[in-house]
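Undergrad: Below you'll find the structure I mean.
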Amino acid sequence: MLYLHLDNDLPRWLEAFQQQRPDLRVVTANDEFDHAEVRWVAAWNPPEGLFARFPKLEAVFALGAGVDAFMRRSDLPETVPLMRLLDAGMAQQMVEYILWAVLTVQRDFDRYQQQQLQQQWQEQTARSVTEMRLGVLGLGALGQQVARQLAGLGYPVTGWKRSSLDLPGVRVLTGDEGFKQLLQTSDVLISLLPNTPATQGMLNADCLGLLPQGAVLVNVARGVQVVDEDLLQLLDNGHLRLAVLDVFHQEPLPADHPFWGHPKVVLTPHVAAATLPEPAITQVLDNLHRLQRGETPRGLVTGSAGY
Ligand code: NDP
């Protein structure tokens, strides 16, 4: 028996499970069932204590790419394998979102929007793709696709990760020196890093201050990576041109947060890449098969790395 926990869209997910594995009993909080019969949990935003309800829990499937909400929890022992989604249709959505953010500044759409408010008719000088240097922090399942596809469009792309990687058309840097080099040469800085103790608070004044004058931050990873006050200061003093933010320390973003009304902030409500039921369930069921056959599942999270 598999227990499914989601905030919304339950009927669509249940139907997709039914279509792909009719023999698997999938239950939710709306059903009556014996908790001791649940062997697997598939969840997004798991509430505190959820996993402790299932005494015979064998594995957990995170219905997203980021697993920060599943880490360091007293109700989920590290001995229970935790798997996350690898792309599952999210990479293409990320490419689209980031391309929109890059084009916003490359083609000056942010400025035209401000001009329209003042009924100002004034042509800006747009830049070509080769003049927009992109820096992608994190080259995992999503970051690699973003870097490759944008490089394919002609943008000079530099990526950064912990271990080295050969990614055709993309300059890949590692380590502290690589991080500094990427910052100094990125007109658009894009974060696709996971939320770990090492990445929290990493996008602070020291880091963002190294970006070239007029650079742009695009954060589609997790809000806790940004020091909001530092970002606001760099936007206000003109060092940064724009911040495109999809994720925040607190979500929904509190009503009194200065990001809401800031003229140099474009924000969206954590929608850069949504989990799509059909490809997500295909991955979950494939991993279930692998576990049942004693094989190594895909997207297995290592507790020590935190992602
Ligand atoms: P992956 O785990 O596949 O990739 C993570 C990448 O980050 C790897 O390249 C890894 O490098 C690198 N990395 C991790 N820690 C560090 C570090 N301390 N220093 C440098 N590099 C590091 O993740 P995904 O690509 O699947 O997803 C990335 C993140 O995107 C998710 O964790 C989630 O937070 C966010 N996300 C946001 C969504 C949204 O709608 N806004 C939707 C989906 C995901 P290495 O391989 O060398 O270890």
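The values are calculated or read from the model by the stated rules, or taken from the named source; none is laboratory data. Worth saying up front: this structure is predicted, and the values here are computed from it rather than measured. Don't worry about glycine lacking a Cβ; one is built from the backbone with ideal geometry, like all the others, and counts go over all protein chains shown.
Undergrad: Hey, could you check the range 136-145 for residues that are surrounded by fewer than 24 Cβ atoms within 10 Å (Cβ to Cβ) and in a helix (DSSP H, G or I) and say which is nearest to the ligand (Cβ to nearest atom)?
TA: Checked the range 136-145; the qualifying residue nearest to the ligand (Cβ to nearest atom) is Ala141.
Undergrad: Let me ask something else. Identify, from the list Arg73, Arg148, Arg133, the residue that is touching a residue at least 24 places away in the same chain (Cβ under 8 Å), under 25 Å from Ala305 (Cβ atoms) and surrounded by 15 or more Cβ atoms within 10 Å (Cβ to Cβ). Reasoning before the result, please.
TA: On the way: Arg148 fails: touching a residue at least 24 places away in the same chain (Cβ under 8 Å); Arg133 fails: under 25 Å from Ala305 (Cβ atoms).
Result of the check over Arg73, Arg148, Arg133: Arg73.
Undergrad: If Leu76 satisfies all but one of (1) farther than 21 Å from Ala221 by Cα; (2) assigned by the TED database to the domain that holds Val224, what's the number of the condition it fails?
TA: (2)
Undergrad: Between residues in the range 86-114 that are in contact (Cβ under 8 Å) with a residue 24 or more places away in the chain and at positive phi and residues that are away from the ligand (no atom under 16 Å from the Cβ) and not in a helix (DSSP H, G or I), which pairs lie under 6 Å by C-beta distance while being six or more apart or on different chains?
TA: So the pair list comes out empty.
Undergrad: Give Leu63, Leu50 a once-over and let me know the one that is at pLDDT 95 or above and away from the ligand (no atom under 16 Å from the Cβ). Break it down stepwise before answering.
TA: Numbers: Leu63 fails: away from the ligand (no atom under 16 Å from the Cβ).
Only one candidate passes the filter, namely Leu50.
Undergrad: May I pose another question? Between Val26, Val60, which is touching a Pro at 6+ places or on another chain (Cβ under 8 Å) and under 18 Å from Thr275 (Cβ atoms)?
TA: After ruling out the rest, the residue left standing is Val60.
Undergrad: In the range 213-245, how many are free of Cβ contacts under 8 Å to residues at least 60 places away in the same chain and either polar (S, T, N, Q) or farther than 22 Å from Met71 by Cβ (or both)?
TA: The qualifying residues number 21.
Undergrad: With the checklist (1) more than 11 Å from the ligand (Cβ to nearest atom); (2) buried (at least 20 other Cβ atoms within 10 Å of the Cβ); (3) farther than 20 Å from Glu96 by Cβ in hand, flag the one item Phe248 doesn't pass.
TA: Looking at each condition in turn, Phe248 falls short on (1).
Undergrad: If you go through the range 152-163, how many residues are under 21 Å from the mean Cα position of the chain (by Cα) and either more than 16 Å from the ligand (Cβ to nearest atom) or among the basic types (Lys, Arg) (or both)? Let's see the steps before the verdict.
TA: Filtering the range 152-163 for residues under 21 Å from the mean Cα position of the chain (by Cα) gives 157-163.
Imposing the further condition that a residue be either more than 16 Å from the ligand (Cβ to nearest atom) or among the basic types (Lys, Arg) (or both) reduces the set to 161-162.
Total meeting the criteria: 2.
Undergrad: Would you point out which residue out of His257, His249 is assigned to a loop (DSSP other than H, G, I, E, B), touching a Phe, Trp or Tyr at 6+ places or on another chain (Cβ under 8 Å) and assigned by the TED database to the domain that holds Val102?
TA: Values: His249 fails: touching a Phe, Trp or Tyr at 6+ places or on another chain (Cβ under 8 Å).
Just one listed residue meets the conditions, His257.
Undergrad: Restricting the first residue to the range 156-168 and requiring it to be in contact (Cβ under 8 Å) with a residue 12 or more places away in the chain and assigned by the TED database to the domain that holds Gln181, which pairs with a second residue that is away from the ligand (no atom under 13 Å from the Cβ) and polar (S, T, N, Q) meet a Cβ separation below 7 Å and a spacing of at least six or different chains?
TA: These pairs meet every condition: Pro156/Thr130; Thr158/Thr185; Thr158/Ser186.
Undergrad: In a loop (DSSP other than H, G, I, E, B) and among the acidic types (Asp, Glu) - does that describe any residue in the range 281-290? It would help to see each step written out before you state the result.
TA: We begin by selecting, within the range 281-290, every residue in a loop (DSSP other than H, G, I, E, B); these are none.
Scanning the range 281-290, I find no residue that is in a loop (DSSP other than H, G, I, E, B) and among the acidic types (Asp, Glu), so the answer is no.
Undergrad: Any residue that is farther than 26 Å from Ser191 by Cβ, more than 14 Å from the ligand (Cβ to nearest atom), β-branched (Val, Ile, Thr) and in contact with a Lys or Arg (Cβ under 9 Å, 6 or more places away or on another chain) - is there at least one of those in the range 97-110? Spell out the reasoning first.
TA: Of the range 97-110, the ones farther than 26 Å from Ser191 by Cβ are none.
Checking the range 97-110: not a single residue is farther than 26 Å from Ser191 by Cβ, more than 14 Å from the ligand (Cβ to nearest atom), β-branched (Val, Ile, Thr) and in contact with a Lys or Arg (Cβ under 9 Å, 6 or more places away or on another chain).
Undergrad: Separate question: Which one of Val170, Val224 is within 13 Å of the ligand (Cβ to nearest atom), of a type in the set (Val, Ile, Thr) and within 16 Å of the chain's Cα centre (by Cα)?
TA: Details: Val170 fails: within 16 Å of the chain's Cα centre (by Cα).
The unique qualifying residue is Val224.
Undergrad: Sticking with this structure for a sec: Here's a check for you: in the range 116-135, which residue that is of a type in the set (A, V, I, L, M, F, W, C) and assigned to a helix (DSSP H, G or I) is nearest to the ligand (Cβ to nearest atom)?
TA: Filtering the range 116-135 for residues that are of a type in the set (A, V, I, L, M, F, W, C) and assigned to a helix (DSSP H, G or I), the one nearest to the ligand (Cβ to nearest atom) comes out as Val129.
Undergrad: Also, quick follow-up: Looking at the range 25-41 only, could you name the residues that are under 17 Å from Thr282 (Cα atoms) and without any contact (Cβ under 8 Å) to a residue 40 or more places away in the chain? Steps first, please.
TA: Initially, the range 25-41 is screened for residues under 17 Å from Thr282 (Cα atoms), giving 25-26, 40-41.
Within the range 25-41, Arg25, Val26, Val41 qualify.
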